[in-house]
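The values are calculated or read from the model by the stated rules, or taken from the named source; none is laboratory data. From a predicted model like this one, the values you see are computed outputs, not experimental measurements. Neighbour counts run over all protein chains shown; Cβ positions are idealised from the backbone, glycine included.
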Amino acid sequence: MQEYQCKQLLERIGRESATVGVDIPERIEVQGTEVELREFVFEIKRRETVPAGERERVEQAKRNLRRERLERKERIEPGEIPFEEGEREADAIIGIDRALEALENLGGPSVEAEAERQATADTRRWMSFLKQALGDDDDGPQVRGRGP
């Protein structure tokens, strides 16, 4: 693999938006063991909360996924593998990142819900600012000028 190709793959896996629209891989080899990754993530996410007994299992899975991600990234970095293999590794890394995002957001608001909450708060602040700037209060617009 050429150096520019290696840099291209590393840039691709480093993008914040890399996981947008990406599915969690059906299965992936993690630390030498074949894992039904999609099934595991969906099984955990179906629950409203993660039971205490499952928390350690989830934390261990996240540690293993992070370790696997790092090992796959290190395979790409030297540029000693063919570009096609590097692309497969990059795809796997992005799938791992997608699974990690899903597992990190357990029990917390989804990215979409958080964005909607932020947009609503921004709109409220803007409306409050406009009311102040225009001299409006909760009782309606203030009439200024000469009285009757």
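Within region 1-22, can you find the residues that are outside any helix (DSSP H, G or I) and either over 20 Å from residue 64 (Cβ atoms) or out of contact with any helix residue (DSSP H, G or I) (no Cβ under 8 Å at 6 or more places or on another chain) (or both)?
First, pick out the residues of region 1-22 that are outside any helix (DSSP H, G or I): 1-2, 15, 20-22.
Listed by number, the residues that qualify are 1, 2, 15, 20, 21.
A search for C-beta distances below 9 Å between a residue of region 71-82 that is on the phi < 0 side of the Ramachandran plot and any residue that is among the acidic types (Asp, Glu) and at pLDDT 90 or above, counting only pairs 6+ apart in sequence or on different chains, returns 72/89; 73/89; 75/85; 75/89; 76/85; 76/89; 81/89.
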